[in-house]
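*Asks:* Handing you a structure now.
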Amino acid sequence: MMTEQVKVAIAYHSGYGHTEVLAQAVATGVENAGAVAQTISVADLDNLNWDALAEADAIIFGSPTYMGSVSGQFKTFMDASSKVWMEQGWKDKLAAGFTNSASQSGDKLNTLIQLSVYAAQQGMNWVSLGLTAGNNSSQGSPEDLNRIGSYLGAMAQSNADEGAEITPPQADRDTAQALGARVAIAALRWKQ
């Protein structure tokens, strides 16, 4: 377990609750690794806790994938962080990302690429998922971690006709937890 307090912020937007479920799973993974997690919805920029983002050792970004990209609300948050960018306020923090869509692909990779480029522009250091692909052989299962097979970040799939209390499935929630734990452990190493 960690001996030094590490803070990880999870900055996310959730349109229908599915991405919020993942943000909570990421936070659980962070806390299970011994760090302090804080989830921050970016939906209300007027009341956004910018100080918590500034104080965090790592920020994990989460957005649903809408039309092959981050949601409009998340993009508004990205644009609103231009002052942070000008001051290089997040430089050398760790970053990671997660996303969700109704389709198995849904062009989620593009969302993770967008998040990683955003982090790079902020001077941050990207942490990948660190899991090999699951469910990609006859021995695999939809219950495998990283069942969708992403490497850049955590991907989840939620059926469009089911609420966040049912979907994304547990395997995707567990994958999000693994991402949170990986970032928390990396942040402790990075902080030392």
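*Asks:* In degrees from 0 to 90, rounded to the nearest 10, what is the angle of the helix 170-191 Cα long axis to the longest principal axis of the chain?
*Replies:* Helix 170-191 sits roughly 30 degrees off the main axis of the chain.
*Asks:* Using a Gaussian network model on the chain with a 10 Å cutoff between Cα atoms, which of SER71, SER14, SER137 fluctuates the most?
*Replies:* SER137
*Asks:* Using a 1.4 Å probe on the protein chains only, how many percent of the accessible area of the chain belongs to carbon and sulfur?
*Replies:* Reported share for carbon and sulfur atoms: 48 percent.
*Asks:* A follow-up question, please. At 0.36 nm per residue, minus the direct Cα-Cα distance, what do GLN192 and ASP51 gain on full extension? Give it in nm, one decimal, please.
*Replies:* So the extension gain works out to 48.6 nm.
*Asks:* Net charge within 15 Å of ILE166 by Cβ-Cβ distance, Lys/Arg positive one each and Asp/Glu negative one each, not counting ILE166 itself?
*Replies:* Result for the local shell: -4.
*Asks:* Magnitude of the Cβ-charge dipole of the chain, K/R +1 and D/E -1, about the Cα centre, nearest 20 debye?
*Replies:* 560
*Asks:* Also: For the chain, modelled as a Gaussian network with Cα springs under 10 Å, which listed residue fluctuates most, TRP90, TRP50, TRP126?
*Replies:* TRP50
*Asks:* Here is a follow-up. Roll a 1.4 Å probe over the protein chains and send me the accessible area per residue for the stretch 1-154 in Å².
*Replies:* Averaged over the residues of the stretch 1-154, the accessible area is 46 Å².
*Asks:* Of the residues VAL70, VAL26, VAL117, which exhibits the maximal mean-square fluctuation in a Gaussian network model of the chain defined by a 10 Å Cα contact cut-off?
*Replies:* VAL117
*Asks:* What is the distance in Å between the Cα centres of the stretch 12-37 and the stretch 126-179?
*Replies:* Taking the Cα centre of the stretch 126-179 as reference, the centre of the stretch 12-37 is 14 Å away.
*Asks:* With viscosity set to 0.692 mPa s and temperature to 37 °C, compute the Stokes-Einstein D of the chain, Rh being the Kirkwood radius across alpha carbon pairs; µm²/s, no decimals.
*Replies:* 202
*Asks:* Something else: In the chain, what is the count of Lys pairs whose alpha carbons are under 25 Å apart, counting only pairs at least 8 residues apart or on separate chains?
*Replies:* 15
The values are calculated or read from the model by the stated rules, or taken from the named source; none is laboratory data. Here the structure is a predicted model, which means the values were calculated and not measured. For neighbour counting, all protein chains shown are included, and Cβ atoms are generated from backbone atoms with ideal geometry for every residue, glycine included. What goes into the accessible areas is simple: the full protein's heavy atoms, side chains included, and nothing from ligands, DNA or RNA. Shrake-Rupley method; radii C 1.70, N 1.55, O 1.52, S 1.80 Å.
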